[in-house]
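The next block holds one structure in the form of structure tokens; read it before the comments.
The values are calculated or read from the model by the stated rules, or taken from the named source; none is laboratory data. Note that the coordinates shown come from a computational prediction; the quantities given were computed from them, not determined experimentally. Cβ placement follows ideal geometry from the backbone for every residue including glycine, while neighbour counts extend to all protein chains displayed.
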Amino acid sequence: MSDSKKINIRQATLNDANTILKEERAIAEIPGYFCSSPSELSLDSIINAISVLKDKSGVFLVAECNEVLVGHAFLEIPHVKSLQHVAELNMAVHLGWQNQGIGTMLLHRIIDWAQESKFIRKIQLNVRATNLPAISLYKKMGFEEEGRLKNRVRVNDSYVDDIIMGLSLVA
Ligand SMILES: CC(C)(COP(=O)(O)OP(=O)(O)OC[C@H]1O[C@@H](n2cnc3c(N)ncnc32)[C@H](O)[C@@H]1OP(=O)(O)O)[C@@H](O)C(=O)NCCC(=O)NCCS
């Protein structure tokens with residue numbers, strides 16, 4: 001990526017919420033990436049996630065290029081104590097910015113944050129079996145397939161498996 005396209009990764013703020021919603025809705029228009037349809041994504045849930053995902057509750061990062069938001073990723077930590085060593089990952093690189101290494105950069109930062117937290121031992125996610133770029137990225141970063149929920153997600157008129165992937169962090 002050229003210097004004019006330098007990517008900055010930072011903690012999300014509430015000012016980012018509207019753009020994140022717009023970009024998530026644009027991706028959700030394309031079947032097979034998210035489970036939610038565009039109308040099922042809400043500003044409230046993004047505002048809530050940005051507000052809550054701090055310190056021991058998780059992290060919400062955005063990637064920007066020349067002050068334009070080009071991607072985001074967040075880790076959620078469950079409320080239940082016995083599950084708090086496993087953080088749940090969600091991420092998206094915005095349309096027009098994919099396949100340029102931004103997802104790799106965001107995921108490196110997410111993994112570093114989890115590693116530094118000391119209490120997260122594992123990152124887990126769900127990905128549709130048809131989402132080859134995402135699966136390729138996760139495998140490159142060390143995630144392994146841990147399970148497969150058959151026909152879990154309806155995409156248009158067919159049903160697609162959901163793959164559970166996990167990355168164990170070294171102590
Ligand atoms: C999945 C996603 C986050 C990846 O981000 P990205 O910035 O495009 O990822 P990168 O460019 O860092 O890496 C993508 C990798 O997938 C590979 N790839 C791209 N298309 C591919 C395909 N059709 N089949 C296999 N691998 C593919 C690329 O070659 C690259 O691997 P490399 O670095 O070894 O060359 C992004 O595509 C995205 O947001 N998609 C829509 C939303 C989504 O699917 N979110 C994840 C839900 S689980």
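State all residues of region 130-158 that are assigned to a helix (DSSP H, G or I) and of a type outside the set (A, V, I, L, M); if no residue qualifies, say none. Within region 130-158, Pro133, Ser136, Tyr138, Lys139, Lys140 qualify. The set of residues in region 72-98 being closer than 14 Å to Phe34 by Cβ and away from the ligand (no atom under 11 Å from the Cβ) consists of Phe74 alone. Scanning region 82-105 for residues that are free of Cβ contacts under 8 Å to residues at least 60 places away in the same chain, polar (S, T, N, Q) and not in a helix (DSSP H, G or I) gives Gln84, Asn90, Gln98, Asn99.
Scanning region 16-48 for residues that are assigned to a helix (DSSP H, G or I) and of a type in the set (Val, Ile, Thr) yields Thr19, Ile20, Ile27, Ile46, Ile47.
When region 99-117 is filtered for residues that are crowded, with 18+ Cβ neighbours inside 10 Å, more than 17 Å from Lys54 (Cβ to Cβ) and more than 11 Å from the ligand (Cβ to nearest atom), only Ile111 remains. Within region 49-68, can one find any residue that is surrounded by 18 or more Cβ atoms within 10 Å (Cβ to Cβ), within 16 Å of the ligand (Cβ to nearest atom) and outside any strand (DSSP E or B)? Yes.
Pairs meeting the criteria (first residue in region 17-35 and within 24 Å of Ile163 (Cβ to Cβ), second residue surrounded by 15 or more Cβ atoms within 10 Å (Cβ to Cβ) and at pLDDT below 95, beta carbons under 6 Å, at least 6 apart or on different chains) are lacking.
In region 145-171, the residues that are at positive phi reach residues that are in a strand (DSSP E or B) and of a type in the set (Ser, Thr, Tyr) with C-beta atoms within less than 6 angstrom, at least six apart or across chains, in these pairs: Asn151/Tyr159.
Within region 106-127, being assigned to a strand (DSSP E or B) and within 13 Å of the chain's Cα centre (by Cα) holds for Ile123, Gln124, Leu125, Asn126, Val127. Pairs linking a residue in region 111-131 that is within 11 Å of Leu75 (Cβ to Cβ) to a residue that is β-branched (Val, Ile, Thr) and part of a loop (DSSP other than H, G, I, E, B), with Cβ atoms under 8 Å and 6 or more positions apart or on different chains, are Ala114/Ile120; Ile120/Ile77. Scanning region 22-30 for any residue that is crowded, with 17+ Cβ neighbours inside 10 Å, modelled with pLDDT of 95 or more, within 17 Å of the chain's Cα centre (by Cα) and among the acidic types (Asp, Glu) turns up at least one such residue.
Just give me the residues in region 36-52 being under 20 Å from Leu125 (Cα atoms) and in contact (Cβ under 8 Å) with a residue 24 or more places away in the chain, in sequence order. Within region 36-52, Ile46, Ala49, Ile50 qualify.
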